[in-house]
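What follows is a single structure, written as structure tokens, with notes after it.
Values in this text are rule-based calculations from the coordinates and carry no lab data. Computed from a predicted structure; not experimentally measured. In this analysis, Cβ positions are derived from the backbone assuming ideal geometry, glycine residues included, and neighbour counts consider all displayed protein chains.
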Amino acid sequence: MIIGNWKMYKTVDEALEFVKTLASLTSKSQVELGIAVPFTALLPVASMVEQLKLSLWVGAQNMHDEAEGAYTGEISARMLRDVGAQFVILGHSERRQHFGESNSFINRKVKRALQEGLHVVLCVGETREEREAGREEAVLQEQLLKSLEGIKNLDEVTLAYEPIWAIGTGKVATPADAQKVHAFCRKLIAKRWGAEIAILYGGSVKPENSGALLCEEDIDGLLVGGASLDPDSFAKIAKEQK
Ligand code: PGA
């Protein structure tokens, strides 16, 4: 599974152009592909995907935890479903860092998203300082357990390990380092939930490093930021086989 996270990029026209180009480049792709687009592009992109019968998952990058209410400027899970979103990215480090999102807030969002029928891509990851202090596993364990607290069924949850020091920095984790963390998360989930879920790696993924990352046993897919904005580079990553 390869998911693109566009962040705050692309107008509606740019988004539709991207989808058309990507469709022509990946018509034979065996990989499950998804794009998390800005709110404004959800409806047009989801409509185009339906119209052209593309196998492309369309999702959002955030949502509010309440069902509805007086929350100026916010978007609910139901609104996302209404415009064709199938999944939502929650807990991205940019939301945690720039918008002060806590594990408990993220936990409420995960619950709401699942309740409304959205698949959740939950992001976790440590800072450079936490890694240097050898605390990455403790940090990830806390993020994971708190963000998923009280959730019994993980069938509609995908995890994304995104070390913060690797996001948008060009400093990708080595496949071996990422594998170690993925194996840790997989074991933790098996122990706590008795479940097996897909775990994606994210952070400076490019066509040049995607193949080596996917070779690792516990890296089930990729969450791609910068390199997902260009259909050519995204299609190249999509051609890597797990
Ligand atoms: P990046 O972003 O690939 O540009 O590092 C990844 C992400 O934030 O999901």
- Item | Close pairs (7 angstrom Cβ cut-off, 6 or more residues apart or separate chains): touching a residue at least 24 places away in the same chain (Cβ under 8 Å) and of a type in the set (Gly, Ala, Ser) in region 153-175, near the ligand (Cβ under 10 Å from one of its atoms) and not in a loop (DSSP other than H, G, I, E, B) anywhere | 160/121; 160/123; 160/200; 160/202; 160/223; 168/226; 173/166
- Task: Look through region 63-122, keep the residues that are closer than 19 Å to residue 40 by Cα and among the hydroxyl-bearing types (Ser, Thr, Tyr), and return whichever of them is surrounded by the most Cβ atoms within 10 Å (Cβ to Cβ).
- Result: 76
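Every residue, every condition in (1) closer than 15 Å to residue 178 by Cα; (2) polar (S, T, N, Q), yes or no:
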{"site": "102", "(1), (2)": "no, yes"}
{"site": "107", "(1), (2)": "no, yes"}
{"site": "116", "(1), (2)": "no, no"}
{"site": "120", "(1), (2)": "no, no"}
{"site": "127", "(1), (2)": "yes, yes"}
{"site": "131", "(1), (2)": "yes, no"}
{"site": "137", "(1), (2)": "yes, no"}
{"site": "143", "(1), (2)": "no, yes"}
{"site": "148", "(1), (2)": "no, no"}
- Mind checking which residues of region 50-76 are within 21 Å of residue 15 (Cβ to Cβ), more than 12 Å from the chain's Cα centre (by Cα) and among the aliphatic types (A, V, I, L, M)? 52, 54, 56, 63, 75
- Positions within region 69-96 being in a loop (DSSP other than H, G, I, E, B) and on the phi < 0 side of the Ramachandran plot, in sequence order: 70, 71, 72, 74, 75, 76, 83, 85, 86, 92
- Message: Quick test for you: out of 166, 160, 178, pick the one residue that is in contact with a Cys (Cβ under 7 Å, 6 or more places away or on another chain), among the hydrophobic types (A, V, I, L, M, F, W, C) and within 16 Å of the ligand (Cβ to nearest atom).
- Response: 160
- Item | Of residues in region 195-213 being over 29 Å from residue 16 (Cβ atoms) and in contact with a strand residue (DSSP E or B) (Cβ under 9 Å, 6 or more places away or on another chain), the one surrounded by the fewest Cβ atoms within 10 Å (Cβ to Cβ) | 195
- Message: For region 214-233, give me the residue count where each residue is away from the ligand (no atom under 11 Å from the Cβ) and in a helix (DSSP H, G or I).
- Response: 3
- Being aliphatic (A, V, I, L, M), away from the ligand (no atom under 16 Å from the Cβ), part of a loop (DSSP other than H, G, I, E, B) and at negative phi, is that true of even one residue in region 192-210? yes
- Query: Mind checking whether some residue in region 53-61 is within 16 Å of the ligand (Cβ to nearest atom), of a type in the set (Lys, Arg) and either closer than 27 Å to residue 163 by Cβ or without any contact (Cβ under 8 Å) to a residue 24 or more places away in the chain (or both)?
  - Reply: no
